[in-house]
1. For segment 227-252, which positions are assigned to a strand (DSSP E or B), of a type in the set (Gly, Ala, Ser) and under 13 Å from the mean Cα position of the chain (by Cα)?
2. Might you check whether a residue that is touching a Lys or Arg at 6+ places or on another chain (Cβ under 9 Å), among the acidic types (Asp, Glu) and within 19 Å of residue 250 (Cβ to Cβ) occurs anywhere in segment 138-161?
3. Suppose the filter is within 15 Å of the chain's Cα centre (by Cα) and not hydroxyl-bearing (Ser, Thr, Tyr); does residue 175 pass it?
4. So residue 57 passes all but one of these: (1) over 25 Å from residue 157 (Cβ atoms); (2) touching a residue at least 24 places away in the same chain (Cβ under 8 Å); (3) of a type outside the set (Phe, Trp, Tyr). Which condition number does it fail?
5. All but one of (1) assigned to a strand (DSSP E or B); (2) modelled with pLDDT under 95; (3) of a type outside the set (Gly, Ala, Ser) hold for residue 113; which doesn't?
6. Looking at segment 178-199, can you tell me whether even one residue there is closer than 22 Å to residue 48 by Cβ and over 13 Å from the mean Cα position of the chain (by Cα)?
7. Being surrounded by 15 or more Cβ atoms within 10 Å (Cβ to Cβ) and either at pLDDT below 95 or out of contact with any strand residue (DSSP E or B) (no Cβ under 9 Å at 6 or more places or on another chain) (or both) is the filter here; which residues of segment 116-125 pass it?
8. Would you be able to tell me the number of residues in segment 228-252 that are in contact with a Pro (Cβ under 8 Å, 6 or more places away or on another chain), without any contact (Cβ under 8 Å) to a residue 40 or more places away in the chain and more than 14 Å from residue 13 (Cβ to Cβ)?
Amino acid sequence: MPMRRLRLLSANIQAGSSTRGYQDYVTRSWSHVLPAGNKRGALDTIAELAGQHDIVGLQEADPGSLRSGFTNQTHYLAQRAGFAYWSHQPNRSVAGVASSANGLLSRLEPRRVEDHPLPGRVKGRGVLTASFGNGRDALTVAIAHLSLGSQSRRSQLDFIADLLSDMPHAVLMGDFNCDPEQPEMQALYRRTQLQPPARCLPTFPSWRPQRAIDHMLVTPALSMAAMQALPAAQSDHLALSVALDVPDSALQ
């Protein structure tokens, strides 16, 4: 079967903020609600990384609130890294001061992009899906940022399982806020063809990675040739970069 190799990236970019240690959550907390000059430089660094890939999923990209200087960061990265296609899914907004979104950057034209709010005790989470072929066999990429609480994650993963249950060429990427062996993850593996990762790369915190909470899960019809964790500027998460072999038929 003819295959095409694609490079995929998943990155929680923390809205371009810089976090180099736990103390920064306190001493630099202002940067999460107010614009800072170094955010543009951080975005340019992230654009260099993103530009080496074909499809990029972003989490915590600011869609244009005060803290980003009213810059839609997904659009900025698409322009800076030369992506022809982009989309974003604004989720949380704090009084217009700080907002957060999932984002998609792609060199391939998606046939369909869909925005789904996720259930949870606190609203403001979502999953963004993009299909790159036709019908059930299309390559479908889902980008999500799950909740901190296990009960909310369980309901969110149940929702995502419904979306991806009959898709043989699916990728689910993002910040899961849990490791892939947690009990709430099991329904996802049972009800979809998505598989637990063959190996877990610690991604959090970025300055001393200890927890594998950022993942890229794929179905068996897709072959993962390589995976590595890379800095996303000064975000508190490392990004995941994957080389993926995809059947040509899933992109037609």
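1. 239, 241
2. Scanning segment 138-161, I find no residue that is touching a Lys or Arg at 6+ places or on another chain (Cβ under 9 Å), among the acidic types (Asp, Glu) and within 19 Å of residue 250 (Cβ to Cβ), so the answer is no.
3. Details: within 15 Å of the chain's Cα centre (by Cα): yes; not hydroxyl-bearing (Ser, Thr, Tyr): yes.
Taking the combined requirement at face value, the residue satisfies it.
4. (1)
5. (2)
6. Taking segment 178-199 as the starting set, the residues that turn out to be closer than 22 Å to residue 48 by Cβ are none.
No - not one qualifying residue is present in segment 178-199.
7. 120, 124, 125
8. So the count comes out to 1.
The values are calculated or read from the model by the stated rules, or taken from the named source; none is laboratory data. The shown structure was predicted, so the numbers you read here are calculated from the model rather than taken from an experiment. Cβ coordinates were reconstructed from backbone atoms using ideal geometry, including for glycine residues, and neighbour counts include every protein chain displayed.
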